[in-house]
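To start, the structure itself, in structure tokens.
Any read-out appearing in this document is the output of simple, stated calculations on the displayed coordinates, not a laboratory observation. Predicted model, so just to flag it, every value in this text is computed and none were measured. No Cβ is skipped: glycine too gets one built from the backbone with ideal geometry, and neighbour counts run over all protein chains shown.
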Amino acid sequence: MAEDTILADDLIRQLISVGEVDLIVGISSHNNATATSHAYHAIEQGFQQHFSRQRAVIVNVCGGNNGDRDASGSGLGDLAEKNVPSVNSLRTVHRVTADFSVPPSPGLALRTVLTAADLLRARACAIVSPGTTNLTPDRIANLLMPVFREKFDFVAPLYTRQKFQGLLTRNLLYPMSRALLCSGIRELYSDEWGFSGRLATACLNQDVWHEEPIRTRPEAWMAISAISSDFRCCQSFLGQKLQSATGPGPDIVEVFRQTVGNLFWCMDSRQSTWLDCKRSEPVQTFGPGQELTSVQTDLDAGRIFEMFRNGVAELGPILGSILDPETHAEINSIVACEENTFRFRSDLWVRTVYDFAASYHHAVINRDHLVQALIPLYRGMIFSFLMEHSHSSAAEIESANEKLCVEFERQKPYLTEKWQAKIEVKS
């Protein structure tokens, strides 16, 4: 199947043979037969234990050198079937494989699952990752139940984290998205979430699927589409998220492109949905709001501070074109501080991020370069966070995060003013 072809003949035949369903769970396999077999097992057990009377299907989107394709009992299908214990299920769990000639992008994988959900008139849907090593039947049910039983349209995950995990989410993505969208959804960027068939159809009909931010990280766009429209959104606690080890960790430049750059793009493409939003509202949460464990970090704070200083010095002219002069001057002043006295105040951090977002909107420089230029400043903020909270409890960190969220909300008029200003971009 070609990258831009969703409904190949083989996929259509499989969907027709399934017929209408109540539940769909989509996965995107990664040439790891063991991980994908585990995912099939957990999903099928989730269906059998929690939805024994419902019609269900698993849609596996795969491509390239497939060691894990499973269509009609071939390859992985045989392996996975052997791992399913005997339980009392009143329905057959169907499997559908969308097999592409090359590994599909995350956007194409999601579009394929949405297409299947639309055609099969599914009521409740979920996306999960075979790379989650602690995928369990209850985890599957926690994503599907709010949609199927409680009529929600979008279900974001919540996780147990160590107190120094998820720092980009804690210090930028969550407080900024909360201020913009007036919604307390914490996790916009995750590889597992739930959604209704109604939301699937609405997203499928949007003309965005060839946009690069949608191809690489479609989940935040789907969440923002739900939050900013007439859809009911909630969060569901999934516990700890364990990932299989696959080499070195993600590169911070790529992480920023795929999250911060994606968020800026969503802001730019959906500005009418957030400019007039005034005050955030809590969202219904199933399970704990979140859990933090007090584990010390192995991050090299000294190295982070050094990279902050060097980055600000090297990017001086670029930062000058992005930041408000007062903001830029304050950053230059704190660069001179010693490590033990350094503090990146929250109000300065918020103005910095908002300057970058507005400059992205006005395209004052190449947008990819602009997003990368924020990385050294983020390192400064993280160093400050590590120093301030080296001995803080989980409750104290959560309290500080709430204060940061309030600061993002308080300064939203500053962003709006910068966003709507007439800017003459120098060529």
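Compared with the direct C-alpha span, the chain from S321 to T416 gains 32.3 nm at full extension, assuming 0.36 nm per residue. Exposure proxy ranking for I304, I318, I16, I24, based on other Cβ atoms within 10 angstrom of each Cβ and starting from the fewest, stands as I16, I318, I304, I24. Normalised by the number of residues in the chain, the mean separation of alpha-carbon contacts (under 8 Å, six or more apart) gives a relative contact order of 16 percent.
What the pair-distance distribution of the chain shows, using all Cα-Cα distances binned every 20 Å from zero, is 25, 54, 20, 1 percent. In this Cβ point-charge picture (+1 for Lys and Arg, -1 for Asp and Glu), segment 9-289 has a dipole of about 800 debye about its Cα centre.
What number comes out for the charge environment of M145, summing +1 per Lys or Arg and -1 per Asp or Glu over other residues with Cβ under 13 Å away? Mind dumping the intermediate values first?
On the way: positive: R123, R139, R149, K151; negative: D22, D138, E150.
After counting each charged neighbour, the total is +1.
For segment 301-420, the equivalent ellipsoid derived from the Cα gyration tensor has semi-axes of 24, 19, 11 Å, listed largest first. The shape of segment 101-146 comes out oblate: with a ≥ b ≥ c from the C-alpha gyration tensor, a/c is at least 1.5 while a/b does not beat b/c. Placing +1 on the Cβ of every Lys and Arg and -1 on the Cβ of every Asp and Glu, with nothing else charged, gives segment 328-402 a dipole about its Cα centre of roughly 280 debye. Let me check I've understood the local charge: for V21, count other residues with C-beta under 13 angstrom from its C-beta, Lys and Arg +1, Asp and Glu -1. What total comes out? Counting the neighbours of V21, the net charge comes to +3.
If you take the beta carbon distance between A336 and Q206 as r and set R0 to 60 Å, what does 1/(1 + (r/R0)^6) give as a FRET efficiency, to the nearest 0.05?
Details: r = 48 Å, r/R0 = 0.80.
Given R0 = 60 Å and the Cβ-Cβ separation, E is 0.80.
Between D368 and E388, the simple spin-label model (points 7 angstrom out along Cα→Cβ) gives 3.4 nm.
Most exposed first by the Cβ proxy, i.e. fewest other Cβ within 10 Å, how do R186, R123 rank?
By the 10 Å Cβ count, ascending, the order reads R123, R186.
Arranged from fewest to most other beta-carbon atoms within 10 Å of their beta carbon, T169, T293 become T293, T169.
Using just its DSSP H runs of length 4 or more, each adding -39500 (n - 2.57), the chain gives a mean residue ellipticity at 222 nm of -15000 deg cm²/dmol after division by all residues. A crude spin-label estimate for the pair R121 and E281, with each label 7 Å from Cα along the Cβ direction, gives 3.1 nm. Largest mean-square fluctuation among D230, D118, D99, in a Gaussian network model of the chain whose springs join Cα atoms under 10 Å apart, belongs to D230. A crude spin-label estimate for the pair D347 and T92, with each label 7 Å from Cα along the Cβ direction, gives 6.7 nm. Among the cysteines of the chain, C62, C125, C203, C233, C234, C266, C337, C405 have no other cysteine beta carbon within less than 4.7 Å of their own. Using a Cα distance threshold of under 20 Å, what count of lysine pairs results for the chain when pairs must be 8 or more residues apart or interchain? Lysine pairs satisfying the spacing and distance rule in the chain number 8.
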